[in-house]
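K.L.:
Got a structure for you, questions after.
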Amino acid sequence: MKVASWNVNSVRAREARLLAWLARTQPELVCLQELKAENDVFPSAAVEALGYQAAVHGQRTYNGVAILSRAPLTEIERGFGDGEDDAQARVIRARVAGIRVFCAYFPNGGEVGSEKFAYKLRWMERMRRYLERTLEKSESAVLCGDFNVAPEDRDVARPEEWKDSVLCHPEARAALARIADLGLVDTFRRQHSEGGHYSWWDYRMLGFPKNNGLRIDHIFATEPLAARCQSAEIDRNERKGKQPSDHAPVLATFSQ
């Protein structure tokens, strides 16, 4: 089973690329982030024509997440369900073929010291509590998404340049580590111990041509599923060409 996660940075702007990529790559399960579109604008019919069922948690202009699956989606839930007032569409979960799937778009955080950064840290703590309530270490589950955190310096092309940013700040990394401590494995890192692999490059300052990238898009899995991971990759080619997202899709393949 091939699982993919991709921040498309506007599903409307990237619809043609998304559909072509789905037809070419044919993953069984796909988590999308930063749709920047409400549910009724999402290209559900076009996705269904390719054999996918879509569960969407959209939002106009900002955020938005979706799960696409070739197998039926059940137990679909949107948001944290913790009663807190938060209109940002950043989390959706479902069950697919016995696997619990969490798709998340973590906040960027703006600048360190800002209210946006404080929100990011609060949100990550909410995510930890949410998973603590809903996730069992003994079950097969994945947490996929744009985490907006590079876990280690080997996930950053220029660590000195990014060390004080919201993507590499020690508090953000510690918050992600607390989430992983719930029993989640970084599938890409387990397959690739070396650095030099990135999933996001800034549109500005020739980030992609200079390969000034960071690995901030992830597929984390509980150990029962991570043990079945056969390969993990980043589809760097999808960052090339006309009107790409600033993120590349990340993929992990699991044995049945």
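The values are calculated or read from the model by the stated rules, or taken from the named source; none is laboratory data. Model, not experiment: these values are computed from the prediction. Virtual Cβ from ideal backbone geometry, glycine too; neighbours counted across all protein chains shown.
K.L.:
Could you say which residue among 243, 256 is at positive phi and either in contact (Cβ under 8 Å) with a residue 40 or more places away in the chain or surrounded by fewer than 20 Cβ atoms within 10 Å (Cβ to Cβ) (or both)?
P.N.:
243
Residue-by-condition table, conditions (1) over 18 Å from residue 28 (Cβ atoms); (2) over 19 Å from the mean Cα position of the chain (by Cα); (3) exposed (fewer than 14 other Cβ atoms within 10 Å of the Cβ); (4) not aromatic (Phe, Trp, Tyr):
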| position | (1), (2), (3), (4) |
| --- | --- |
| 202 | yes, no, yes, yes |
| 207 | yes, yes, no, yes |
| 216 | yes, no, no, yes |
| 233 | no, no, no, yes |
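K.L.:
Here's a follow-up. Being touching a strand residue (DSSP E or B) at 6+ places or on another chain (Cβ under 6 Å), over 28 Å from residue 78 (Cα atoms) and among the small types (Gly, Ala, Ser): is that true of residue 113 here?
P.N.:
no
K.L.:
Let me ask something additional. Out of 5, 10, I need the residue that is part of a loop (DSSP other than H, G, I, E, B) and surrounded by 15 or more Cβ atoms within 10 Å (Cβ to Cβ). Which one?
P.N.:
10
K.L.:
Taking the conditions exactly as written (surrounded by 14 or more Cβ atoms within 10 Å (Cβ to Cβ) and either part of a strand (DSSP E or B) or acidic (Asp, Glu) (or both)), does residue 100 satisfy them or not?
P.N.:
Spelling it out, residue 100 is indeed surrounded by 14 or more Cβ atoms within 10 Å (Cβ to Cβ) and either part of a strand (DSSP E or B) or acidic (Asp, Glu) (or both).
K.L.:
Condition first: under 17 Å from residue 221 (Cβ atoms), buried (at least 16 other Cβ atoms within 10 Å of the Cβ) and out of contact with any Lys or Arg (no Cβ under 9 Å at 6 or more places or on another chain). Now tell me which residues in region 147-179 satisfy that.
P.N.:
Once the filter is applied, which keeps residues that are under 17 Å from residue 221 (Cβ atoms), buried (at least 16 other Cβ atoms within 10 Å of the Cβ) and out of contact with any Lys or Arg (no Cβ under 9 Å at 6 or more places or on another chain), region 147-179 yields 147, 176.
K.L.:
Do we have residue 114 as surrounded by fewer than 20 Cβ atoms within 10 Å (Cβ to Cβ), farther than 24 Å from residue 4 by Cβ and modelled with pLDDT of 95 or more here?
P.N.:
So residue 114 passes the test.
K.L.:
Filter region 38-94 down to the residues that are more than 25 Å from residue 132 (Cβ to Cβ), assigned to a loop (DSSP other than H, G, I, E, B) and free of Cβ contacts under 8 Å to residues at least 40 places away in the same chain and list them by number.
P.N.:
The answer is 38, 42, 43, 50, 51, 52, 58, 59, 60, 61, 62, 72.
K.L.:
Oh, and also: Does residue 24 count as closer than 22 Å to residue 230 by Cβ, surrounded by fewer than 15 Cβ atoms within 10 Å (Cβ to Cβ) and among the charged types (D, E, K, R)?
P.N.:
So residue 24 passes the test.
K.L.:
I would also like to ask the following. Here is a check on your reading of the model: is residue 166 out of contact with any His (no Cβ under 6 Å at 6 or more places or on another chain) and under 17 Å from residue 234 (Cβ atoms)?
P.N.:
For residue 166, the condition - out of contact with any His (no Cβ under 6 Å at 6 or more places or on another chain) and under 17 Å from residue 234 (Cβ atoms) - is not met.
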